[in-house]
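Shown next, in structure tokens, is the structure this report addresses.
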Amino acid sequence: MTALVEMRGITKRFPGVLANDHVDFVLEAGEIHALLGENGAGKTTLMNILYGLYQPDEGVIYVKGKPAIIHSPHDAIQLGIGMVHQHFQLVPTFSVAENIVLGLPSRREPFLESRRQVHQRIAEVSRAYGLTVDPSCPVWQLSVGEQQRVEILKALYRGATVLILDEPTAVLTPQECERLFDTLLALVQSGKSVIFISHKLDEVMAISHRVTVLRDGRVVGTARTQDISKQELARMMVGREMRPIEKPPAAPAGPVIELHDIWAHDDRGLPALRSVSLQVHAGEILGIAGVDGNGQAELEEVLTGLRRPSRGRYLLAGQNVTHASARELFAAGLAHIPADRNRFGMVADMTLAENSILGMEGQPPFTRLGMLRYREMEGHCSRLIHEYDIRAPGPAAFAGTLSGGNAQKLILAREISRRPKALVAAQPTRGLDIGATEYVRRKLLEQRQRGCAVLLISTELEEILALSDRIAVIYEGQIVGMVDPACVDIEQLGLMMAGAVKEVCELPPRMPAGPEGNPIEGRRP
Amino acid sequence: MTQRAALSTTGQRPSTAMSLLLKGSPILAVILALLLGALIIAAVGVSPLAAYQAMVKGAFGSPRALTQASLRAVPLLLISLGLVLAFRSRIWNIGAEGQLYMGAWAAALFALSFPDLPPALMLMGLLLVGFAGGALWGLVPALLRAYLGANEIVTSLLLNYVAIFWVSYQVRLPMKDPTSFLPQSAVLPASASLPVLPGTRLHMGVILGLILVPAIAFILWKTPLGYRLRVVGSNPNAARFAGINVPLHIIIVMVISGGLAGIAGMIEVAGVHHRLIQDISPGFGFTAIVVALLGQLHPAGALLAAYFFASLVIGADSMQRIVGLPVALTEVIQALVVLFVLASEAFRRRVRRVVG
């Protein structure tokens, strides 16, 4: 029996990076095949080649046993290959149906097809795979999960028999994930095949029939999912055993960040922070737990000078910085790892060297006598690349070429290199793979050991529990509780995050704890 | 500048052939435009060879031609240097024409108000006043953009007409030369004539332009100010995050860019016409936008592009005189160059995206 899709010896080089190195990949009919690997392992590149977005430098692709030359997504679609990208390609003001037929020839050119017929055909496809969505609804009104369904419908409507999904669960809630998985199972039952790109072991174990692991552009191995354990997969993916993060006992000292009765509005002018008071001490990590959208973004902005509080007092190392600008806070010793790193942390079309001094450009040694010194900049950047193991061609590469994990490492490296007194880290591991996540967490703990006051804002409860010395729960702009991660009841914490329980008690910073500390495993799959 | 070149050659380009094509695409565009122009010239019954020969001879054939082209290039160069800075910061100053007019007006008013100043003081004064005239005119859209978020493309464009009609009013009523029927001011005092290089007709503006080319490159790539401007242009959010005062930098850029256009206006008054006239600029402020883009938003590129455009105009004049080509056709050829250059930009962007 011939395979549905067979990719042999695929090699793709980008300047300075070997993205795919003689990769072999075989997709059988009727299977869900997971493509597992860390960020930058070459998963998306490989699938972009199959979808005709890139041309391979070497290698051949066979579809149903015949050699296929795929110059463009159009060719791919002709061969029955459809792809749903991580970032959706929909027109927000168009209806679902309009988006689905967009770019397809009408059956009665030059007129559009009758709306009724299109809706009917969409409804047939939706019903078959449980992809319920109203064809007449404009896309901007849909939730992220529904938009994804539209993307899948788009591919199926074009007759796709192979569906490539790039990190489909990254944007979904757990409930939406369940639904997606049901859809995928329905698809393979009807004889279609699915390629599922992911770096999450859990999902891969739950949904795939077979799994191919990529690392550094090479295939580490392919296995039937039922024959392999999560631990083995993790080792294949990362190339080594995961070590649990050792968390040495905290030694908190005096308060560095102090908020007293802080109020702030969001962009629409509605109250977003309501009387927030908290303290972060030198040498501790204070975690802010909460469901996304409960004032975390505004808290981050107030702390870093990007948003003015409407009331209250903010002290940094005893200095009143309530109305300080971002630059003044920077000078006072505050470092910031922004939640949206591509929008705020990086300048994509400037070099790594230039990015590595963002915010420090006017200071020695990078500026002397009013002149920028490129040699110092590049030296600084090379040191960071080396010390933080950033995978990049060199300081002269453009920041836009970095993968997510490496971009985050560079931001982290830049911010920590200033030896800050306080560090605000917002969603520092969002979208990162296991290796990078573990690395970032270690670095945050290192800062705590150095005596830095770390405020960690994260929607990942596991991360908050693993790193924090104290946890503040935020709900609708209020701190509704302070808990000790060593003796917290997860259920209780969940109820607080949902706003069901309020526990307005002050928890003092925990003084040096017992030697057992709080060891936790690396990201538990 | 050299630093920048070194940085960009170390690895991000797809292949040498492709990179040559990408780098050379504006030149290729100019060649293609001239080829298409040749077809049009042939279509009206003139030999394209003879026409282009006349054009080249008119632009480069004699010291006089070279001088004329250089003088014509000065305002284009000064303005486009300011625009390089502005466009790199992604601030779209479309108001250079008006800024030029205000600089010209301020300079003429100054020279006529203080005719007895010694030449050295007069020149200093003209530079300052010319700069200030253009800078203030640039400041208006800058403030509107920085603090109210008004689109500077619209405001700066509309302010052009205000400035042009303001000058028109000035030379018809308050500043009109009573001894002339034409809408123009009185002749400026002799002390307000820009000094020329001995033995030539090249005035000081040429030198000023040549000094400013490396100066603007220095600001962009060797100073923290230039670094910040590039961050503001590439990613305003990152600029805010890094504590860069974005409104302040918008203002700085518009003041410099407006000021340079103002100096260009002053030079037209004090170096060329020696009085304020109604049509002091044949659209230098608009042509300079194309010059800045053709020069790849690089100061050295702007120098080449400014000289190229000036030569095109001077050459077109003689093409018209010698082979009798209508003026309109010479303008068609200029427009073709502009279109092809813009198209080549789009092509470059497309190739970059495909290559990844």
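Each reported figure results from applying straightforward, stated rules to the coordinates on display, with no laboratory input. A quick note: this is a predicted structure, and the numbers were derived from the prediction, not measured. Heads up, the Cβs are rebuilt from the backbone with ideal geometry, glycines too, and the neighbour counts pull from every protein chain shown.
Expressed as a fraction of 2.2 N^0.38 Å, the rule-of-thumb size for a compact globular protein of N residues, what is the C-alpha radius of gyration of segment B:257-315? Could the numbers behind the result be given before it?
Working: Rg = 12.2 Å, N = 59, 2.2 N^0.38 = 10.4 Å.
Dividing the Cα Rg of segment B:257-315 by 2.2 N^0.38 Å gives 1.17.
Of the Cα atoms belonging to segment A:5-238, the radius of gyration and Dmax stand at 17.8, 57 Å. Going from the fewest other Cβ atoms within 10 Å to the most, the residues B:221, B:137, A:140 appear in the order A:140, B:221, B:137.
Peptides A:351-360, B:106-115 ranked from most to least packed, by the mean per-residue count of other Cβ atoms within 10 Å: A:351-360, B:106-115.
Shape class for chain B, computed from the alpha carbon gyration tensor (a ≥ b ≥ c): oblate, with a/c not under 1.5 and a/b at or below b/c.
Axis of helix A:434-450 versus longest Cα principal axis of chain A: the two differ by about 0°, to the nearest ten degrees.
Bridging of residue A:192 to lysines at a Cα separation below 17 Å is possible for A:64, A:154, once same-chain residues fewer than 8 apart are set aside. Judged by the gyration tensor of its Cα atoms, with axes a ≥ b ≥ c, segment A:58-193 is oblate; a/c meets the 1.5 cut and b/c is at least as large as a/b. The tail of the calculated P(r) for segment A:10-126 beyond 22 Å holds 48 percent of all Cα-Cα pairs.
Within chain B, helices built from complete DSSP H runs that reach 18 Å or longer along their own axis (Cα positions) and carry a mean Kyte-Doolittle hydropathy of 1.6 or higher are B:16-43, B:119-148, B:204-222, B:246-267. Average projection, convex hull of the Cα set of segment B:197-290: 7.8 square nanometres. Neighbour counts of other Cβ atoms within 10 Å put A:304, A:367 in the fewest-to-most order A:367, A:304.
Note: segment B:214-356, Cα convex hull, 156 Å³ per residue. Counting only alpha carbon atoms, the long axis of helix A:115-129 and the longest principal axis of chain A meet at about 80°.
Based on the Stokes-Einstein relation at 4 °C and a viscosity of 1.567 mPa s, and on the Kirkwood radius from alpha carbon pairs, segment A:397-447 is assigned a translational diffusion coefficient of 113 µm²/s. Excluding same-chain neighbours fewer than eight residues apart, the aspartates and glutamates reachable from residue A:247 by a Cα-Cα span under 17 Å are A:284, A:438, A:446, A:462, A:463, A:469, A:484, A:516, A:521. Residues A:229, B:168, B:281, arranged from fewest to most other Cβ atoms within 10 angstrom of their Cβ, appear as A:229, B:168, B:281. For segment B:70-225, with equal point scatterers placed on the C-alpha atoms only and solvent neglected, what are the log10 I(q)/I(0) values from the Debye formula at q = 0.18 1/Å, to two decimals? Computed log10 I(q)/I(0) values: -1.24. Shielding by partners for peptide B:226-234, expressed as the average number of C-beta atoms from other protein chains within 10 Å of each residue's C-beta, is 4. Expressed as an acute angle from 0 to 90° and rounded to the nearest 10, what is the orientation of the C-alpha long axis of helix A:374-387 relative to the principal long axis of chain A? So the inclination is approximately 80 degrees. Peptide A:356-364 has a mean shielding of 4, counted as Cβ atoms of other protein chains within 10 Å of each residue's Cβ. Look at the alpha carbon pairs under 8 Å that are at least 6 residues apart: their mean separation over the length of chain B gives a relative contact order of 34 percent. Taken over chain A, the ratio of Cα radius of gyration to 2.2 N^0.38 Å equals 1.06.
Estimated translational diffusion coefficient (Stokes-Einstein, Kirkwood radius over Cα pairs, 37 °C, 0.692 mPa s) of the protein assembly as shown: 104 µm² per second.
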